[in-house]
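These notes are about the structure you will find just below.
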Amino acid sequence: EKLTSSRKMDHLRICSQTDIETGSTLFDDVHLVHCALPECDMDAIDLSVEFLGKRLASPLFIAAMTGGHPDTAEVNRVLASAAEHYKLGIGVGSQRAALEKPELADSFAIVRETAPHAFVCGNLGAVQLVEHGTEWAERAVEMIDADALCIHLNFLQEAIQPEGDHSAVGCLDAVRQLCKDVKFPVIVKETGNGISREVAARLWDAGVSAIDTGGMGGTSWAKIEGIRANERGAAGDKALRELGDSLLTWGVPTAVSVFEVAGTGTGPVIATGGLRSGLDIAKGIALGATLGGMALPLLSPALCGEEETCRAIDAVHYQLRAAMFLTGSPNVSALQHARTYITGTLREMIGQQPNMRMS
Ligand code: FNR
């Protein structure tokens, strides 16, 4: 348990001090069609959106980052106060450490204490779900009185971590069982390598309520684990370091993932992974997402405090509002139908298969 919680602090430190982004989301290949005659009032644009039965004031979702070490409680408190103030959805980081060691639960519970009205999502790894089943899932939800539970998939990270879990056997069955057993919505998320159309089809079939793409092009665990390995400096890590380097741009770029997951979809999609502006959120929504998630862009502001965090969120909302205005979209459902030009690599990748192929 000690290992899990010190790893949390390593990650926050590395992520806020170093460039840990790799690859491309391919959002540069998405061009929203400019509407020269918007016929709506930019200041009256409605950013609100319905997600899993709740009305959120904007599609910006604060993606899972932290908790599980007493020092992380303040970051979660600041993020939660922003979620409460702006009526946003927010995810906590993996609750594994606190499920193993209940005295660490405070660093998660502070999110619900600070954000009594926000849409709060719990977080558990698929591997932990296989090991501990519905019992841990229910404890994770109770710990923060969550509105939904995110199950994260992070097998690239597991493959290159010295302490990583190498068995992914039984994850889909465990998700299927969880969806049968519980009343709260289950969301499955990737953590930076994206979800393909085939995986999305298996997840929808298993009964998940929503999918978060966690696509490639933003935060890279290959990069983060490479930096941790360098810091350890152990010779035995050389092979893992080289493996991490070779996988720096492995994954489904976020724009491709949103297109593929929304194309198979029966439920809402959260576009996450390398979204760096309100314009990126608008592009994600135009490709079929309902929400746009951000993790890394909110970490440094959250480490600074509430004021910096509000400033960052205001900027994102201003950009999103402008993109909606300039596409003539008075609300989010209009933006979902905004036309796009798709160019370059994105066009090549999504042009390779028919959109609705299910397998
Ligand atoms: C994460 N992410 C993450 N995801 C998860 O499901 N459980 C977790 O505990 C964490 N922890 C975590 C810590 C830090 C410091 C970062 C930056 C990220 C992944 C996160 O939710 C998101 O999917 C990816 O980071 C991609 O989004 P960005 O960072 O490119 O906006």
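Every number in this text was worked out from the coordinates using simple rules, so none of it is lab data. Not measured: the values here are computed from a predicted model. Here the Cβ positions follow ideal geometry from the backbone for every residue, glycine too, while neighbour counts run over all protein chains shown.
Once C-alpha pairs closer than 8 Å and six or more residues apart are averaged by separation and normalised to the residue number of the chain, the relative contact order reads 23 percent.
Restricting everything to alpha-carbon atoms, can you work out Rg to Rh for segment 96-152 with a Kirkwood hydrodynamic radius? That ratio equals 0.95. Of Cys179, Ala159, Ala98, which is farthest towards the positive pole of segment 75-192's charge dipole, taken about the Cα centre with +1 and -1 on the beta-carbons of Lys, Arg and Asp, Glu respectively? Value computed over the given set: Cys179. Based only on Cα atoms, what Rg/Rh ratio does the chain have, Rh being taken as Kirkwood's radius? Using Cα coordinates only, the ratio equals 0.95. With a Förster radius of 30 Å applied to the C-beta separation of Asp314 and Thr266, the computed FRET efficiency comes to 0.30. Highest mobility in the GNM of the chain, judged by mean-square fluctuation with C-alpha springs under 10 Å and restricted to Leu279, Leu178, Leu240, is found for Leu240.
Residue exposure proxy: Cys15, Cys121, Cys304, Cys150, ordered by other Cβ atoms within 10 angstrom of their Cβ from fewest to most, comes out as Cys304, Cys15, Cys150, Cys121.
Each label point was placed 7 Å from the Cα along the Cα-to-Cβ direction; for Lys180 and Glu307 their separation is 5.5 nm.
Of the trypsin sites (Lys or Arg not before Pro) found in segment 152-236, those in coil by DSSP whose Cβ has at most 10 other Cβ atoms within 10 Å are Lys183. Toward the positive end of the charge dipole of the chain, with +1 on the Cβ of Lys and Arg and -1 on the Cβ of Asp and Glu, the farthest Cα among Ile350, Tyr86, Ile14 is that of Ile350. Simple rule: put +1 on each Lys or Arg Cβ and -1 on each Asp or Glu Cβ in segment 181-315, find the dipole, and look at Gly226, Leu298, Val188; the Cα lying farthest toward the positive end is Gly226. For the residues Glu50, Glu163, Glu308, a GNM of the chain with alpha-carbon springs under 10 Å puts the largest fluctuation on Glu163. Under a model in which nothing but the beta-carbon of Lys, Arg (+1) and Asp, Glu (-1) is charged, the chain shows a dipole of about 520 debye around its Cα centre. With bins 5 Å wide beginning at 0, the percent of Cα pairs of segment 228-339 falling in each bin runs 2, 11, 16, 16, 14, 13, 11, 8, 5, 2, 1, 0.
The eigenvalues of the Cα gyration tensor, multiplied by 5 and square-rooted, give segment 156-277 an equivalent ellipsoid with semi-axes of 29, 18, 11 Å from largest to smallest. Taking Ala206, Ala239, Ala174 as the candidate residues, the one with maximal mean-square fluctuation in a Gaussian network model of the chain, Cα springs under 10 Å, is Ala239. Put in line by how crowded their Cβ is, counting other Cβ atoms within 10 Å and starting with the fewest, Asp43, Asp181 read Asp43, Asp181.
Sorted ascending by nearby beta carbons within 10 Å, beginning with the fewest, Trp250, Trp221, Trp136 become Trp250, Trp136, Trp221. Counting only pairs 8 or more residues apart or on different chains, how many lysine pairs in the chain have their Cα atoms under 15 Å apart? Taking the chain as the scope, the lysine pair count is 4.
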